[in-house]
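The values are calculated or read from the model by the stated rules, or taken from the named source; none is laboratory data. Remember, predicted model here, so these are calculated numbers, not experimental data. Positions of Cβ are generated from backbone atoms using ideal geometry, with glycine treated the same way; all protein chains shown enter the neighbour counts. What goes into the accessible areas is simple: the full protein's heavy atoms, side chains included, and nothing from ligands, DNA or RNA. Shrake-Rupley method; radii C 1.70, N 1.55, O 1.52, S 1.80 Å.
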Amino acid sequence: MHAFRRLLLTDLRNRRNTLLVALGATVLLNAVVIVLMIQMFLTEGLDIVTLLDITVFSVMLLIPFLRCFSSWRDEWRQHGIYHLLSLPIPRTYLLLSKYISIVWEVLLITAIMIIGLWVQYGVSGGKLFRAEPLITFEWAKVGFVAEWFLLLTNGVFLSFMSALVGKWCGKWSHLAAFISFVVGALIWGIAYINLPSMYTLIVLALLFFGMSVYLLEKKVGVE
């Protein structure tokens, strides 16, 4: 566990400056949306504000999504991966430490977006959206959050697997990573459409995680 803690702290530290920039950009973009919302509230109404919020959130989530791929490429480019793979630790530690650091980034961006929405709610005098359904506790909401978290987990492990497939293929790494991601996303989508449950998401997450472990141990590892 001590080795895992060190790996996690290293991943968080390596990502610290980029994370601060991403969080600062999220705060700034939320401030811009609030200013635009005030102007629209006085002139045209608030219909476009929701679209702006969705756009800002989607753009900011691209940063941790791209990190799922770049974190592994950076390890090889900086030759740090050879030291990591030669350590007597389970390969799962490497995957889980990067997974937690990326999820942490997503959660921080989400938290800032939620704070921004509440500021918008206050500025609009409660006209932007209804707060009551959001603050009322229901088990359905717990299920929705759990499903959202599993979707995030699937996306991260699928991206890890695709990046490692690309590394395994060597010369055609970018093409191989893209194709494996698309194929994995199709399998993910078809399975979830036909079997829409959290159990399906758990099985898929374990599948992508298991494939990533296999690639690290057998295909791109250090003997």
*Cα-centre dipole for the chain with unit charges at Cβ (Lys and Arg positive, Asp and Glu negative), debye to 20*: 800 debye
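With charges set only on the Cβ (+1 for Lys and Arg, -1 for Asp and Glu), what does the dipole of segment 109-207 come to about its Cα centre, in debye to the nearest 20?
Roughly 260 debye, rounded to the nearest 20.
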*Given a Förster radius of 35 Å and the C-beta distance between residue 139 and residue 103 as r, what FRET efficiency does 1/(1 + (r/R0)^6) yield to the nearest 0.05?*
0.90
*Rounded percent of accessible protein surface that carbon and sulfur make up, the chain, 1.4 Å probe*: 72 percent
*If you stretched the chain out fully between residue 195 and residue 219, how much longer would it get, using 0.36 nm times the residue separation minus the C-alpha to C-alpha distance?*
5.5 nm
*From the residues 108, 189, 148, which one has its Cα farthest along the dipole of segment 103-223 in the positive direction, the dipole being from +1 and -1 charges on Cβ of Lys/Arg and Asp/Glu about the Cα centre?*
189
*In nm, to one decimal, how far is the modelled label at residue 96 from the one at residue 129, with both set 7 Å along Cα→Cβ?*
3.4 nm
*Express the accessible area of segment 89-223 per residue in Å², computed with a 1.4 Å probe while the remaining protein chains stay in the model.*
56 Å²
_Ranked packing of 64-72, 200-208, 15-23, most packed first, by mean Cβ within 10 Å_ = 64-72, 200-208, 15-23
*Per the Debye formula with a single identical scatterer at each Cα and no solvent contribution, what log10 I(q)/I(0) holds for the chain at q = 0.08, 0.13, 0.15 Å⁻¹?*
-0.37, -0.87, -1.07
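Among the complete DSSP H segments of the chain, which ones combine at least 30 Å of alpha-carbon extent along their axis with a mean Kyte-Doolittle hydropathy of 0.5 or more?
Those that pass (Cα extent of 30 Å or more, hydropathy at least 0.5) are 16-43, 47-77, 91-123, 139-169, 173-194.
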_Show me the ranking of peptides 81-93, 139-151, 24-36 by mean Cβ neighbours inside 10 Å, starting with the highest._
24-36, 81-93, 139-151
*Which FRET efficiency value, to the nearest 0.05, do you get for residue 171 and residue 10 by plugging their Cβ-Cβ distance into 1/(1 + (r/R0)^6) with R0 = 30 Å?*
0.50
*Treating only the Cβ atoms of Lys and Arg (+1) and Asp and Glu (-1) as charged, compute the dipole magnitude of segment 60-180 about its Cα centre; round to the nearest 20 debye.*
340 debye
*If you look for lysine pairs in the chain that are eight or more places apart or on different chains, how many of them have Cα atoms under 21 Å apart?*
7
